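The values are calculated or read from the model by the stated rules, or taken from the named source; none is laboratory data. Note that the coordinates shown come from a computational prediction; the quantities given were computed from them, not determined experimentally. Cβ placement follows ideal geometry from the backbone for every residue including glycine, while neighbour counts extend to all protein chains displayed.
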Amino acid sequence: MSVDSTNIFQKLLDQIYVYNLNETHPDTFNSLRLEKQAKKLDERHPDLAASARGLIAAIQGNLDESDRQHVLAKKLSRHPHHKMYQAMSLRILGEHECSYFFMQCIMSVMPDPVGLLSSEISLAFKSGHHIEVTRYHHELLRIKAEIPINTQLLIYFNHLIDLSKISLDVFPKIRVLVHSLQKTFKIEEPEFTLEIVDKHLYCWLTTEADPNTITQLNTQLASSIALMTGENLDRYHIGYRAPDDKDTKSVNIEALHNFVHDVDFYRYDYDDDDE
């Protein structure tokens, strides 16, 4: 594949990733812009163009068109990446069971399954789909992978969420809310850390925003979460804060190491009993 084609497709993936992460659909203008980029791949890489259109259809919420384009891509090329792109589309469309099945099918033929699974864990965690994190973590265990430290941290945080016994259904909603606030206030994606204190789950979002903006963010965040109905969030606390003298990642890694030292973390069993 030419460098130009790689750049075009990667640019499309980057844009699709944002819609996937935020669980939003492109408007008409942006849909046309994405389709125009995909068309540039038609002449030299029609298989890649079809996969691109399949992903675009997915973020537009069009399951039938997405499936049609991915079937076409696999007819044009036997490269396993096309199955991976179909799995991505299925996840975008909320078809998590089918997506997971596709991912399992291509694991044995992917050149870098650890990188692929780590990427899936990152996206699933950041979009609030914590059951998916557990599934892909188990795949890493199954293939006896050496898990990258950044992925270990996400798995660790995911386990804290599981230990909190808070309904997993609420986290995608919180993620959408947080992103909406960050977009409104024009702040960068914050660093974050999670911890359990006295059976309460705390999520801290570290931002370089000025104190007044942080106050407004926390006020709106608290108000919006209070309006969420049908969920018991008495033991869940989330808020923005300014950086301190400590390096957030170093603190997180230290917490991870302490946890691993005390618990056989990588092979923990889930306890579904009530507290």
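What helices (runs of 4 or more DSSP H) completely inside region 81-153 contain at least 2 residues that are of a type in the set (Lys, Arg) and surrounded by 18 or more Cβ atoms within 10 Å (Cβ to Cβ)?
On the way: elements: 81-92, 96-106, 113-126, 130-142.
In region 81-153, 81-92 are the helices (runs of 4 or more DSSP H) which contain 2 or more residues that are of a type in the set (Lys, Arg) and surrounded by 18 or more Cβ atoms within 10 Å (Cβ to Cβ).
Only one of Ser66, Ser51 is at pLDDT 90 or above, surrounded by 17 or more Cβ atoms within 10 Å (Cβ to Cβ), of a type in the set (Ser, Thr, Tyr) and closer than 27 Å to Arg142 by Cβ. Can you tell me which? Write out each step before concluding.
Numbers: Ser66 fails: closer than 27 Å to Arg142 by Cβ.
The conditions single out Ser51.
Identify the single condition in (1) under 24 Å from Val170 (Cβ atoms); (2) at pLDDT below 75; (3) not aliphatic (A, V, I, L, M); (4) not assigned by TED's automatic domain parsing to the domain that holds Val178 that Glu231 does not satisfy, given that it satisfies every other one.
(4)
Can you report the number of residues in region 204-216 which are out of contact with any Gly (no Cβ under 8 Å at 6 or more places or on another chain), outside any loop (DSSP other than H, G, I, E, B) and surrounded by 13 or more Cβ atoms within 10 Å (Cβ to Cβ)? Give the derivation first.
Pass one, region 204-216, residues out of contact with any Gly (no Cβ under 8 Å at 6 or more places or on another chain): 206-216.
Subset that is outside any loop (DSSP other than H, G, I, E, B): 206, 211-216.
Remaining after also requiring surrounded by 13 or more Cβ atoms within 10 Å (Cβ to Cβ): 206, 213-214, 216.
Number satisfying all stated conditions: 4.
Within region 217-240, which residues are closer than 20 Å to Ile187 by Cα and surrounded by 15 or more Cβ atoms within 10 Å (Cβ to Cβ)?
Leu217, Asn218, Gln220, Leu221, Ser224, Ile225, Ile238, Tyr240
From the list Ser224, Ser250, which one is of a type in the set (Ser, Thr, Tyr), farther than 19 Å from Ile161 by Cα, in contact (Cβ under 8 Å) with a residue 24 or more places away in the chain and not in a loop (DSSP other than H, G, I, E, B)? Please lay out each step first, then the result.
On the way: Ser250 fails: in contact (Cβ under 8 Å) with a residue 24 or more places away in the chain.
The conditions single out Ser224.
Residues that are within 18 Å of Lys126 (Cβ to Cβ) and within 17 Å of the chain's Cα centre (by Cα): does region 198-207 have at least one?
Scanning region 198-207 turns up at least one residue that is within 18 Å of Lys126 (Cβ to Cβ) and within 17 Å of the chain's Cα centre (by Cα).
Only one of (1) out of contact with any Phe, Trp or Tyr (no Cβ under 6 Å at 6 or more places or on another chain); (2) crowded, with 18+ Cβ neighbours inside 10 Å fails for Pro46. Which number is that?
Among (1) out of contact with any Phe, Trp or Tyr (no Cβ under 6 Å at 6 or more places or on another chain); (2) crowded, with 18+ Cβ neighbours inside 10 Å, Pro46 violates only (2).
Identify all residues within region 185-203 that are in contact with a Lys or Arg (Cβ under 8 Å, 6 or more places away or on another chain), surrounded by fewer than 15 Cβ atoms within 10 Å (Cβ to Cβ) and not in a loop (DSSP other than H, G, I, E, B); write none if there are none. Walk me through how you get there before you give the answer.
Just the residues of region 185-203 that are in contact with a Lys or Arg (Cβ under 8 Å, 6 or more places away or on another chain), to begin with: 191, 199-201.
Now narrow it down to the ones that are surrounded by fewer than 15 Cβ atoms within 10 Å (Cβ to Cβ): 199-200.
Scanning region 185-203 gives a single hit, His200.
Quick one: how many residues across region 1-55 are acidic (Asp, Glu) and closer than 30 Å to Leu177 by Cα?
Taking region 1-55 as the starting set, the residues that turn out to be acidic (Asp, Glu) are 4, 14, 23, 27, 35, 42-43, 47.
Restricting the remaining residues to those that are closer than 30 Å to Leu177 by Cα gives 14, 23, 27, 35.
The qualifying residues number 4.
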